[in-house]
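This report concerns only the one structure given below.
The values are calculated or read from the model by the stated rules, or taken from the named source; none is laboratory data. From a predicted model like this one, the values you see are computed outputs, not experimental measurements. Glycine also receives a Cβ, built like all others from the backbone with ideal geometry; neighbour counts cover every protein chain displayed. With ligands, DNA and RNA removed, areas are computed over all heavy atoms of the protein, side chains included. Shrake-Rupley method; radii C 1.70, N 1.55, O 1.52, S 1.80 Å.
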Amino acid sequence: MPLSAKNALYSHKLSLLGFWTLALFYPMTGTHHYLYSPIPHWTQTVAVVHSLWMIIPVLTVIVNFFGTMLGRWGTVLGGGGSDNYAAKFLMVGVVYYLIGSFQGSMEALHRFQQLTHFNDFVVGHAHLTVFGAMIMWVVGGLYYVWPRLTGRQLWSDRLASWHLWLTITGFTAMVLGLTAQGFIQGAMLNNGADFVDSVKEMQPWWVARTIVGTIMDVALGLMAYNFYKTVREGQPFEGDEREPLPKLNQPRSTAPNKNWLENPSTVGIVAGVILFVTSFFILGGLPWLQAATRTTMVADAVTGLPIRVNDYSPLEQRGRQVYIRDGCWQCHSQYIRPVAGETLRWGPVSQVGESAYDRPHMFSTRRIGPDLTRVGRKYGDDWHIAHLWNPQNVVADSIMPRFTWLFEEKRGDAPPQPTADGKALVAYLQRLGTSIGDWRIGFLSSTTPGAVILHGTPEGREAVRVLGQTVYSRRCSGCHGDKGDGKGPSAEFLNPKPRDFTTGLFKFRSTRGKDSLPSDADLYITLTHGLWSTSMPAMHELPAQQRWAVIQYLKTFSDRWAKELAGRPIAVPPESPVTPASIARGDTLFQTNCALCHGQQGKADGPLAQPGMLLDDWGHPIKPAHLLCRPRAGRREARLWRSALVSDDRSRHRGDTDAPVRQSDRGRSLGSGTLCSIPASSCLRSRACRGRS
């Protein structure tokens, strides 16, 4: 800066103060990106304090730059030539440095980070400090050095001016956009918006960012062209108009060291080694020495009892490597904070022991996709396979790319099959978040909120239907199809197949009668809870109004809703006392009625469990449930009792062993409704399932 502005450095003491405070404070700030994380709280506090202290070196830089420009503003801003443009870029960089550093200190505050973390605000901040400050200073240095290296004057002041103003225009627009995006998405998530909706809201902003980023690329292209023309056509310097750079063999005079703070050995040893090692020990070594950070124990999300976390299996470990190799961690974070509604959106807050076997950790600092901490067992394996093949076929608003290299070459009419890496990746995803037990048992209420207000006017009903159609198109059509016939673009991957709404037949309901229509509350509960281990996920992230609206829309696929009323509700009697006698009688009934499909030990290995033996009413093959895992309809006793009772009123599940039962009768019974996607061998070892049936 002094060379390009042709003015003495404003304060040498300020530069020393800035250097040493930067060396002292900055290495300790990194953990402020992980507030509310499983990292020890005291290290987060250390990072917050040092981030605020960073205002000291920042101010020294600002004051020194502006002080050095005293008396030279008019000459520099109004003048041409490479030196003046070097000073201009340096001053623009220091302005961005001030803004970016202020952002960095602010986002280290807990309340501010609740709003801005994991979104584009962090990206804007990173660009401010890296491009806005460091790259601008590099560009300023190039404008100063290039004519001296080539021995020629800058070819075009006009191109340099275009470079400057295009850069300022494009970069300022990009930073303002990214900052606004962060506040918008943060406010949406803080107010309970669905994550996919927040990503959808960001897409126009990303397009705008691409446009202004192109402006910045054009500006750099002008600089490169100007430098090229300087070499080819620039005017040579005359006389002593410009001082050349010293030759390597030319002796240089050095100013005597005034104190130990300026001694190169002091700088190298103290700043380069001692302070770095100290920060590494405080932020990395001390936390590792704490027994609490190395624990492999977590608390069961339902009972609170301690559970030991198991290491990854070889298949899961391979899947984790695929996850890292293919960049999944760049878009998905893996820790849930107790803020911004994350525990309502994705599940219980992360515990320290859950990441005991994660090396390296993949906490991440940005979310373009949803957090995956609790994704394990939310979907069936087939859903993940369909999603990896074509995410937009499953979720219309997804911006995730296709992972076709994880699939074998398609053969015939069969859906594409995953490779060994694809299967391993699915196994790893199914493991995530399952170490704290079956937390979904008590996560969602089994009752519906107050009845939604459905406007009685034709206009009001039409508005509800239009809203439901929009939600259905964005969330449901990928599996159930645009016509509601269960033939969506992803249906070929799924087993069991998606429900065909055109028939008006539903398995999980609280109404009596053969093939009776369910109540709206039944559909709402299924939509909210999802169906365990199938491609039907829990949709509790959607606002209640949208869930009620989509229910009204899906009823338009079958004319049964216009001709019939929902069946009479079933009164669930009080549960019988659990006694040794009742358990023995239940065992007798199970072995007599259920073991043919579910197997004597409930492992889904009965005589009729062989492939092709059980079909649903549409001829699709199905499997009996693995009863050591959570039933698809949930574990609530009343719901299990009701599901068994109303499974098409089939006599087999009512204990009438003399009545004939077709394979399709068993297929649409409770048995087909409790399929667990986890292999029996894995499930029996899982603490999430053990002892909970």
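Here are the numbers for this structure:
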{"read-out": "Residue that is in a helix (DSSP H, G or I), out of contact with any Cys (no Cβ under 9 Å at 6 or more places or on another chain) and over 30 Å from L154 (Cβ atoms), where the choices are V76, V61, V46", "value": "V46"}
{"read-out": "Residues within segment 79-113 that are open to solvent by 40 Å² or more (accessible area, probe 1.4 Å) and assigned to a helix (DSSP H, G or I), tallied", "value": "8"}
{"read-out": "Matching residues, segment 1-39, being closer than 19 Å to N84 by Cβ and either open to solvent by 20 Å² or more (accessible area, probe 1.4 Å) or outside any helix (DSSP H, G or I) (or both)", "value": "M1, P2, L3, K6, N7, A8, L9, Y10"}
{"read-out": "Segment 603-626, residues that are over 27 Å from L505 (Cβ atoms) and either of a type in the set (S, T, N, Q) or in contact (Cβ under 8 Å) with a residue 40 or more places away in the chain (or both)", "value": "K603, D605"}
{"read-out": "In segment 398-414, the residues that are surrounded by 15 or more Cβ atoms within 10 Å (Cβ to Cβ) and out of contact with any Gly (no Cβ under 7 Å at 6 or more places or on another chain)", "value": "S398, I399, F403"}
{"read-out": "From I282, I307, residue being under 29 Å from Y34 (Cβ atoms), over 28 Å from the mean Cα position of the chain (by Cα), at pLDDT 90 or above and surrounded by 14 or more Cβ atoms within 10 Å (Cβ to Cβ)", "value": "I282"}
{"read-out": "Residues satisfying the stated conditions in segment 279-331, i.e. of a type in the set (G, A, S), over 28 Å from A424 (Cα atoms) and not in a helix (DSSP H, G or I)", "value": "G304"}
{"read-out": "Members of segment 472-529 found to be farther than 28 Å from A638 by Cβ and of a type in the set (V, I, T), listed by number", "value": "T502"}
{"read-out": "Single unsatisfied condition, F118 versus (1) on the phi > 0 side of the Ramachandran plot; (2) open to solvent by 60 Å² or more (accessible area, probe 1.4 Å)", "value": "(2)"}
{"read-out": "Scan of segment 582-613 for residues that are of a type in the set (A, V, I, L, M, F, W, C) and more than 40 Å from the chain's Cα centre (by Cα), ordered by number", "value": "I583, A584, L589, F590, C594, A595, L596, L608, M613"}
{"read-out": "Residues (open to solvent by 80 Å² or more (accessible area, probe 1.4 Å) and either outside any loop (DSSP other than H, G, I, E, B) or touching a Gly at 6+ places or on another chain (Cβ under 8 Å) (or both)) located in segment 565-586", "value": "R568, P569, P580, I583, R585"}
{"read-out": "Test set (1) touching a residue at least 60 places away in the same chain (Cβ under 8 Å); (2) out of contact with any His (no Cβ under 7 Å at 6 or more places or on another chain); (3) surrounded by fewer than 19 Cβ atoms within 10 Å (Cβ to Cβ); (4) not in a helix (DSSP H, G or I) - L589 fails condition number", "value": "(4)"}
{"read-out": "Segment 599-613 - residue that is part of a loop (DSSP other than H, G, I, E, B) and hydrophobic (A, V, I, L, M, F, W, C) and, of those, surrounded by the fewest Cβ atoms within 10 Å (Cβ to Cβ)", "value": "M613"}
{"read-out": "Members of segment 415-441 found to be open to solvent by 40 Å² or more (accessible area, probe 1.4 Å) and touching a Leu at 6+ places or on another chain (Cβ under 8 Å), listed by number", "value": "K423"}
{"read-out": "Conditions (1) within 21 Å of W439 (Cα to Cα); (2) assigned to a loop (DSSP other than H, G, I, E, B); (3) open to solvent by 20 Å² or more (accessible area, probe 1.4 Å); number of the one not met by E354", "value": "(2)"}
{"read-out": "Selected residue (only one of V207, V196, V123 is in a helix (DSSP H, G or I), farther than 18 Å from F89 by Cβ, of a type outside the set (S, T, Y) and touching a Pro at 6+ places or on another chain (Cβ under 8 Å))", "value": "V196"}
{"read-out": "Given (1) modelled with pLDDT of 95 or more; (2) more than 29 Å from R345 (Cβ to Cβ), index of the condition L176 fails", "value": "(2)"}
{"read-out": "Residue check for G478: under 23 Å from S398 (Cα atoms) and either assigned to a loop (DSSP other than H, G, I, E, B) or open to solvent by 20 Å² or more (accessible area, probe 1.4 Å) (or both)", "value": "no"}
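Residue by residue, here is whether (1) closer than 29 Å to R402 by Cα; (2) open to solvent by 50 Å² or more (accessible area, probe 1.4 Å); (3) of a type outside the set (A, V, I, L, M, F, W, C); (4) touching a helix residue (DSSP H, G or I) at 6+ places or on another chain (Cβ under 7 Å) holds:
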{"site": "W260", "(1), (2), (3), (4)": "no, yes, no, yes"}
{"site": "V273", "(1), (2), (3), (4)": "no, yes, no, no"}
{"site": "A291", "(1), (2), (3), (4)": "no, yes, no, no"}
{"site": "Y312", "(1), (2), (3), (4)": "yes, no, yes, yes"}
{"site": "Q330", "(1), (2), (3), (4)": "yes, yes, yes, no"}
{"site": "V339", "(1), (2), (3), (4)": "no, no, no, yes"}
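To keep it simple, each residue is scored yes or no on (1) open to solvent by 30 Å² or more (accessible area, probe 1.4 Å); (2) among the aliphatic types (A, V, I, L, M).
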position: D482; (1), (2): yes, no
position: D485; (1), (2): yes, no
position: K497; (1), (2): yes, no
position: T503; (1), (2): yes, no
position: S510; (1), (2): no, no
position: D522; (1), (2): no, no
position: T528; (1), (2): no, no
position: T534; (1), (2): no, no
position: A538; (1), (2): no, yes
